[in-house]
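First comes the structure, then the notes that go with it.
The values are calculated or read from the model by the stated rules, or taken from the named source; none is laboratory data. On a predicted model such as this, the values are computed, not experimentally measured, just so you know. A quick note on method: Cβ atoms are made from the backbone with ideal geometry, for glycine too, and the neighbour counts reach across all protein chains shown. All accessible areas refer to the heavy atoms of the entire protein, side chains included, with ligands and DNA or RNA removed. Shrake-Rupley method; radii C 1.70, N 1.55, O 1.52, S 1.80 Å.
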Amino acid sequence: MARRVFGTDGVRGEANSYPMTADMALRLGAAAGRFFRRDGLNGHRVVIGKDTRLSGYMIENALTAGLTSTGMNVLLLGPVPTPAVGFLTRSMRADLGVMISASHNAHQDNGIKFFGPDGYKLRDAAEAEIEEILDGDIRPASPSNIGRARRIEDAGGRYVEYAKTTFPRNKRLSGLKVVIDCAHGAAYKVAPEVLWELGAEVVTLGVTPDGTNINHECGSTRPEAAARLVRESGADLGLCLDGDADRLIVLDENGRVADGDQLMALFAGEWAEAGCLAHGTLVTTVMSNLGLERFMTERGLTLERTKVGDRYVVERMRAGGFNLGGEQSGHIVMTDYTTTGDGLIAGLQFLAAMVETGKPASALLNNFTPVPQHLENLAITPGGDPLASDMVRAAIAEQETRLGGTGRLVIRPSGTEPLIRVMVECEDEALMQDVVDNIAGAITDAAPKTRTA
C-alpha cells in the first residue's frame, strides 16, 4: 500500500498547516490507536515524548485526545530525546511510542514519529495501514472504555540512568572538558546531566529553549558556535546534537568538524578488532562518503548501503543481524544499546574511546581521507517532480557517463522538504562542480519555479 501522509521519517510539515494540524493529529492518534487495539482488549498504553517546539503542546494534546478516544492509555513523557521514546516504549511495556519532533528543522515545523512495542520505528507497511484507517470512519471506544492520560514526571531521569549504563562501568570522564550543544532541543536537560554525572567538566550551549529557538544557529547542522566555544574554553571536544538528539556531530579539540562517517569508521574499526562487529559489516546510506567504503574494504570489512533514512538503515541491520549502522548526517545506530539513532549514546561511546586510548579527539576522527563531495539542495514547487522529465533523466545519464568509475552521483527528492538533493563525489573537483552545475541547470529548466536553496 502506498503512503501519502507519512514521509521518510513519520509525518512532518509546517505547524498549523496540513498535515501538521491539530485536527490531523487527533485523527492520526485515533487511527494509530485503532491499529494497535484491533484485539479489542483494554489496558493498552502509549508513551508520547516531544522536543521543545511551541507547537508541541498543540500536537501533544490533539494526539492524546485521538488516542484516548480509541481506548489507549497515554503516558506523557514531556521533552525527551527521540531515542528515549524508543527505550521507554519497551521499558514501560507500551504498545506504541510517539515522538513529536521535526528533528533538525526550524521551530515552525513539527512532526510525528511512531514506534512499535519493540521500540523500533514502524515499518512502511504499518504506516500504510494506519493511513488506510485514517481514510475511513474511525470507530471510537465505548464511553466506559475511553483511555486515561497521565504525566510521567521522571521520564528524563529514567533515560539518564540508562544512558550511563552504556559507558564502561569502571571508567570516568574526570579530566575531560566537554562542550555539549543541545540545540535548545529535547536533550537540553538530560545530556549535560549524563556527562556531569560521569565526571566531565561540562560547558553547555543551546540549553535555554523558548519554544522558537530550537536548532537556531546551533546544533548538529550549525556547529560553528560550538566550535568557537571549544576553542575559547580550551575544551577537549564538542558534541553537537540536533533538536531531538538522535544525531551527533563531533568537534575535535581544535573545533574541526567530524561527521557521522568518521564516527562510523572509528567504531567499525574498533569493534572489528575486538570481534564485536556483527558479520564484519557496517550499514549506511547512499550518502556516505566513498572514503568510508574504501576504509572498510581495506580492512576486509563490508559496507552495505540503503536509501536515505535511519529507519531504512535499522531495517537492514535487523534483517541482516548487524549491530552498527548510521548516516553521514550523524545518526549512529548501535543496536547493542539502542533501537534508533542516539546522539548522546554515540557521544558516550566516542568519549569511552578517548578515555580507553588516551588519544585526543583529533587522532580518533581522522580515520580516512574523504573523497571530495558536493551536495546541492534545489528547492522545488511542492508536488512537483522534475526528476520525471526526460530532459533531466538524459542530463543525469550524461553526467554519470562523464564520471565513469572515478566518482558517484546520488540524486533524490527529500522525504521531509520540497527539495531535490544532488550529491556528487569525485577526485577531480573541477569535474565534480561541472557535473553538479549541469544537473542543477537541467532540473531548473524542467521546473522553472525551482531555485537553489
> Accessible area per residue, 1.4 Å probe, Å², for the chain: what's the number?
Replying inline: 40 Å²
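Based on the mean of other beta carbon atoms within 10 Å per residue, what is the order of 195-204, 260-269, 178-187, most packed first?
Working: 195-204: 18.7, 260-269: 24.4, 178-187: 31.1.
Going by the mean number of other Cβ atoms within 10 Å, highest first, we get 178-187, 260-269, 195-204.
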>> Taking all protein chains in place and a 1.4 Å probe, what share, in percent, of the accessible surface of the stretch 134-224 do carbon and sulfur account for?
In response: 46 percent
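Please give the length that would be gained between Asp210 and Glu273 if that part of the chain were fully extended, namely 0.36 nm times their separation in residues minus their C-alpha to C-alpha distance (nm, one decimal).
On the way: separation 63, 0.36 × 63 = 22.68 nm, distance 4.50 nm.
So the extension gain works out to 18.2 nm.
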> Going by average Cβ neighbours within 10 Å, how do the peptides 105-116, 208-219 rank, with the highest at the top?
Replying inline: 105-116, 208-219
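Gain in length, Glu201 to Lys171, computed as 0.36 nm per residue apart minus the alpha-carbon separation, to one decimal in nm? Don't jump to the answer; show the numbers that get you there.
Values: separation 30, 0.36 × 30 = 10.80 nm, distance 1.50 nm.
Working it through step by step, the gained length comes to 9.3 nm.
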> So what are the radius of gyration and Dmax for the Cα set of the chain, in Å?
Replying inline: 22.0, 69
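Using a 1.4 Å probe over the heavy atoms of the protein chains, calculate the carbon and sulfur portion of the accessible area of the stretch 325-432 as a whole percent.
Details: 2110 of 4310 Å².
Answer for the stretch 325-432 is 49 percent, counting heavy atoms of protein chains only.
Just check the stretch 262-354 against the gyration tensor rule for me: Cα atoms, a ≥ b ≥ c as the square roots of the eigenvalues, rounded for a/c under 1.5, and otherwise prolate or oblate depending on whether a/b exceeds b/c.
It is rounded, given that a/c, with a ≥ b ≥ c, falls under 1.5.
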> Could you give the nm distance between label points at Ala430 and Thr406, where each point is 7 Å from its Cα heading toward the beta carbon?
Replying inline: 1.0 nm
> Per residue of the chain, what 222 nm ellipticity follows from adding -39500 (n - 2.57) for every DSSP H run with n ≥ 4, rounded to the nearest 500?
Replying inline: -11000 deg cm²/dmol
> On the accessible surface of the stretch 234-320, probed at 1.4 Å, how many percent belong to carbon and sulfur atoms?
Replying inline: 46 percent
> Between Gly29, Tyr18, Thr52, whose Cα lies farthest towards the positive end of the dipole of the stretch 1-86 when Lys and Arg beta carbons carry +1 and Asp and Glu beta carbons carry -1, centred on the Cα centre?
Replying inline: Gly29
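Assigning unit charges at the beta carbon (Lys, Arg +1; Asp, Glu -1) and nothing else, what dipole magnitude in debye, to the nearest 20, does the chain show about its Cα centre? Mind dumping the intermediate values first?
Values: 46 positive and 59 negative charges, 298 e Å.
So the magnitude is around 1440 debye.
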> Once the piece of chain linking Arg150 and Asp23 is laid out straight, how much longer is it, given 0.36 nm per residue of separation minus the C-alpha distance between them?
Replying inline: 43.6 nm
> Rounded to the nearest 20 Debye, what is the dipole magnitude of the stretch 3-125 about its Cα centre when Lys and Arg each give +1 and Asp and Glu each give -1 at the C-beta?
Replying inline: 300 debye
> Taking R0 as 25 Å, what's the FRET efficiency between Ala128 and Arg318 from their Cβ-Cβ distance, rounded to 0.05?
Replying inline: 0.85
> Of the peptides 310-320, 146-156, how do they stack up when ordered by the mean number of other Cβ atoms within 10 Å, highest first?
Replying inline: 310-320, 146-156
> Which residue, chosen from Ile380, Ser142, Val313, occupies the Cα position most advanced towards the positive end of the dipole of the chain, where the dipole is computed from +1 (Lys, Arg) and -1 (Asp, Glu) charges on Cβ about the Cα centre?
Replying inline: Ser142
